[in-house]
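Scroll down for the structure; my scribbles are underneath it.
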Amino acid sequence: MKTLCVLQVEDTEEDVVLLRYAFQQAGIQSVLRAVPHGEAAMDYILGKGDFYDREAFPLPALILLDLKLPGMSGLELLGWVRSSSPIRMVPVIVLSSSSHRTDVESAYERCANAFVTKPSGIDELTELVEGLKIFWLKHTQFPAGSVNTAIRR
Amino acid sequence: MKRRAGESKAPVHPRGHRPVDNGARQSASEPREMEEQHAVTMLETIPDAVMNLDESFRVLYANKEAERALEKKRAAIMGGVLWETVPRTGGGKFEKEVRRSVGQGKSAEFEGPFVREGEHYQFLISPCESGAMVFIREETEKRRLRHALQESEAWKRLIVDSVKEFAIFSMDPTGRITLWNPGAEQMFGYTAKEMLGQRSDIIFVPEDREARMPAKELAEARERKHAKDERWHVRKDGTRFFVSGAVVPLYDGGGKLVGYTKVARDITKQKTAKDQLEEEVGKRTAELQKTVSELEAFSYSISHDLRAPLRSMRSFAQILVRTTRDKLDPKAADYLDRIMAGAERLDRLIQDVLTYSRVGRGNMELEPVELENLVRTIIREHPSLEAAQGRIILKEPLHNVRAHKASLSQCISNLLTNAVKFIPPGRTPRVQVRTEANNSIVRLWVEDNGIGIPEIHRERIFGMFQRTPEAEKYEGTGIGLAIVRRAVEAMGGHAGVESEPGQGSRFWVELPAA
């Protein structure tokens, strides 16, 4: 399996820990990086500030995005990624505790690749992450020049 | 005109009024006499009064109708000078005209009063060799009409002049004012003197003047026979006031436009009150909308913020159990299980409260729903009904209903879940779903063989968090039936239950038929 980077944008620390646990359970080799809000995600993607080191903070092949974030919202970040970021084509999976129609629809309107409601237990989360691994990290082809160069270097 | 029938006195011959000379008359043959006889009969029967006067205005002949006009018997006037024997025939227009006609030898036609007071007549005076023939036609009807017309004119005048609450004014076809009543003077502040001959433009506000409203209003009146409007007008002193008015076009008998009349009323007070009310309603609505969106934000925040810590509680407890169960003493493992169960229950509770708050809100457009399909899909796909597959019998055919599909689906799954859940230990659940159609209402029954509901609880269980003591042994949040009732009522229906405690319950939902 290729070594890809997954960027998690999530303000709830427990959810970060749980996802890390689920990644381990699923045996995912990818680099999992987490930022706690949208502004940090922008810095990460742009390689600014603390994130200047692309070795330590490679461009993500996949973004897992929470919607409700302190400061700029997940939807706003998604809008920025799609319109003005250097990785406009990166797959973004919204991972939210909401199942509100309006949230789902506005996420897809801003070209999210998928909307997933956060599972309420660790077993379900592990199951989800296993699916993620097989579909997104194993079989999915990414557009040329999008993300992998930094990691392969 | 009334006729007197039945008088058969020998007619009095009109003397002298003949176009032929005496000689000819004296040598009259039999047909000529017949002719004269006919003429007399004719004179006697026509509905006009006819008299023959000699040169000194003595009555030589009067027909039967003349008796009525003169209010005298013929015998009483015959041979006498008319204005000496019949009161009110002399001294006026009648005598003057008759004298002139006879004097000049020219026939005369005129109208005027006669013997009977208050009545009007048409006269024809025709001079002849013996003097004059006088024809008199009563014109009472015409006169009455004219009178009535004059009277109505007077009334109109009176109304127009005395009505102060309404401005009434008329315009000629070009829009120049021809009448301006005191009400208009008072309302607009212009006197009739100032307005007569002017255009009505100056009473319009500048915006309307610019938009050519004065002319448009008249055009609309012509096109639609009536133009109603409500708009701001301006007084002479520049103040504005709100007017409700109507313009009607006026046509003469030949259909030619002769002008317009406008009646207007100052409704500023009502308008202001209405505006205030609307403003108030708008404000309240905005407040309510704010409250609603605050509530929405609240339920959104419940779903997000409350469930997040719950998720971590549950997940970490699970991880702990998974990784350390072997090393824990049974008591500690039990506590961990209770933490997880508590978290799960709270999660369900939050989800149910959220469902309850969302149900019946937003777009509840009703559409025809195929009930059989819907119920089958729910039974097949709802996780908590999996175990009861085959225990739920549909008594086909089910009638279709008009409903909001997602809400109805929620209701039916709640009812079915309850039906298979509240079963005494050891009993096999048996659920029947059927419908009854009554006029345009369909009642859907979900009947179970469960623990039943004592009468005193049957209404309460549709409230929030309400559970019967018997139900305490079963999992549940006490919200499911509240959701059912709220959703059904939002769709214009009703929900209820019949029950035999210990034997089972029959829940029903009524909705409009499709």
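The values are calculated or read from the model by the stated rules, or taken from the named source; none is laboratory data. Note that the coordinates shown come from a computational prediction; the quantities given were computed from them, not determined experimentally. Here the Cβ positions follow ideal geometry from the backbone for every residue, glycine too, while neighbour counts run over all protein chains shown.
Quick notes on this one:
- Matching residues, segment B:298-335, being more than 23 Å from A:GLU13 (Cα to Cα) and either part of a helix (DSSP H, G or I) or within 9 Å of chain A (Cβ to nearest Cβ) (or both): B:ARG325, B:ASP326, B:LYS327, B:PRO330, B:LYS331, B:ALA332, B:ALA333, B:ASP334, B:TYR335
- Within segment B:174-206, the set of residues being of a type outside the set (S, T, N, Q) and in contact with a Pro (Cβ under 9 Å, 6 or more places away or on another chain) comprises B:GLY175, B:ALA192, B:ARG199, B:ASP201, B:ILE203, B:PHE204.
- Checklist (1) buried (at least 22 other Cβ atoms within 10 Å of the Cβ); (2) in a loop (DSSP other than H, G, I, E, B); (3) without any contact (Cβ under 8 Å) to a residue 40 or more places away in the chain applied to A:SER120, failing item: (1)
- Residue within segment B:311-320 that is of a type in the set (S, T, N, Q) and more than 17 Å from A:ASP123 (Cβ to Cβ) present: no
- Of all the residues in segment B:195-208, those that are modelled with pLDDT under 90 and either assigned to a helix (DSSP H, G or I) or closer than 23 Å to B:LYS269 by Cα (or both) number 3.
- Filtered by the rule that a residue be within 14 Å of chain B (Cβ to nearest Cβ) and not polar (S, T, N, Q), segment A:108-133 gives A:VAL116, A:LYS118, A:PRO119, A:GLY121, A:ILE122, A:ASP123, A:GLU124, A:LEU125, A:GLU127, A:LEU128, A:VAL129.
- Test result for B:THR355, surrounded by fewer than 14 Cβ atoms within 10 Å (Cβ to Cβ), within 14 Å of chain A (Cβ to nearest Cβ) and not aromatic (Phe, Trp, Tyr): no
- Counting the residues of segment B:415-447 that are at pLDDT below 90 and in a strand (DSSP E or B) gives 1.
- Number of the exception - B:PRO397 against (1) of a type outside the set (S, T, N, Q); (2) under 24 Å from B:PRO512 (Cβ atoms); (3) buried (at least 22 other Cβ atoms within 10 Å of the Cβ); (4) in contact with a helix residue (DSSP H, G or I) (Cβ under 8 Å, 6 or more places away or on another chain): (3)
- Any hit, segment B:418-435, residues being under 17 Å from B:GLU500 (Cα atoms) and either aromatic (Phe, Trp, Tyr) or under 46 Å from the mean Cα position of the chain (by Cα) (or both): yes
- Scanning segment A:79-106 for residues that are within 14 Å of another protein chain (Cβ to nearest Cβ) and either in contact with a helix residue (DSSP H, G or I) (Cβ under 8 Å, 6 or more places away or on another chain) or buried (at least 19 other Cβ atoms within 10 Å of the Cβ) (or both) turns up A:VAL94, A:LEU95, A:SER96, A:SER97, A:SER98, A:SER99, A:HIS100, A:ASP103, A:SER106.
- Only one entry in B:GLU447, B:GLU459, B:GLU510 is acidic (Asp, Glu) and without any contact (Cβ under 8 Å) to a residue 12 or more places away in the chain, namely B:GLU459.
- Only helices (runs of 4 or more DSSP H) whose full extent lies in segment A:1-99 are considered here, and the ones with at least 3 residues that are under 15 Å from the mean Cα position of the chain (by Cα) and over 27 Å from A:GLU127 (Cβ atoms) are A:38-46, A:74-84.
- Members of segment B:376-411 found to be outside any helix (DSSP H, G or I) and either without any contact (Cβ under 8 Å) to a residue 24 or more places away in the chain or outside the structural domain of B:GLY480 (by TED's automatic domain parsing) (or both), listed by number: B:GLN389, B:GLY390
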